[in-house]
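Presented below is the structure to which this report refers.
What follows is calculated from the coordinates using simple rules that are stated; it is not laboratory data. Just so it is clear, the model here is predicted, and its values are computed rather than measured. We place every Cβ from the backbone using ideal geometry, glycine too, and count neighbours over all the protein chains shown.
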Amino acid sequence: MSNLLTCQNLSIVHQQKKLLEIQEVSFEQGKFTAIIGPNGAGKTTLLKALSGNNAQTNSAVFYQHQRLTDLNGYALAQKRAMLSQQSQIAFPLKVEELVQLGREPYRQSEFAKFNEKITAWAMETMSLTALKERSSIQLSGGEQHRAHISRVLSQLVPEPNADLSGSWLLLDEPTNHLDIHHQYQLFSLLQKLKQQGLTIIAILHDPALAINQADHILMLKNGKKFAEMSAKAVAESRLLDDLYEMKMGCRYCPHSGQYYLCPALAES
């Protein structure tokens, strides 16, 4: 499988402080890559670079062998969607109206005829259909987060059963505010979208979740690439101990087929 996105000689500086410096990293088409690492490692900075919205980094990010800057605004918006850690709602909208914002890139396209159907699908996937008439400012934190997930899904899926090869979804801590049921609902959906060809890149603070859900894991520390390998290889290595500077105690449960962690701080 070919790489969808590649960063080469990526260097990001803010107020004379180097936030991120990566010589090269690639993201494979149709795979789920989790980005993990301690606070301040540069995870969100990298995700923003991959969104194409940072003029400082666009020349270092390549999409299928062309610079990300070669994509015009509408083409980029139809190929890439990003869920931030905290999405602010500037003014009250009904849930359905908020989700419909994701359809803006298709307003003048052949896919506009699917706006209503995709909006309904995006709300249904996040169990929001019953709340579609409710004002967004009356939602709980978890409900608001699910509404924004639905919004980015409606942006990324042009039509029902679309081939999503060539598209990528960026998620910054997507489990924020979600209860465990909706966390697993989200990851079940992501696995289905991956089967449609979608490339998923997500920052996850739970290494066990990253190991169990992702195909590949990129580890960042101090603004640099610490390591990258398959999720299974991470589970079977001691790299998590070095990454987080503590004993992570990664174990495999043969009954569930899942990995779990038994972390412990080093004794002083």
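Here the sum of -39500 (n - 2.57) over DSSP H runs of 4 or more residues, divided by the residues of the chain, equals -9000 deg cm²/dmol at 222 nm, to the nearest 500.
Between N115 and E28, residue separation times 0.36 nm minus the direct Cα-Cα distance comes to 28.4 nm.
Restriction of the trypsin sites (Lys or Arg not before Pro) in segment 69-116 to DSSP coil positions whose beta-carbon has at most 13 other beta-carbons within 10 angstrom yields R107. One Cα centroid belongs to segment 93-133, the other to segment 211-268; the line between them spans 37 Å. Going by neighbour counts of Cβ atoms within 10 Å, the residues T129, T6, T33 line up, fewest first, as T129, T6, T33. Residue separation of K17 and H65 scaled by 0.36 nm, minus their Cα-Cα distance, works out to 14.3 nm of gained length. The tail of the calculated P(r) for the chain, taken as Cα-Cα distances beyond 29 Å, holds 34 percent of the pairs. For the cross-link pairs K43/K79; K194/K225; K194/K221; K43/K247; K79/K194, the ones whose C-alpha atoms lie over 18 Å apart are K43/K79; K194/K225; K194/K221; K43/K247.
Length available on full extension from M229 to A266: 0.36 nm per residue minus the Cα-Cα distance, which gives 10.8 nm.
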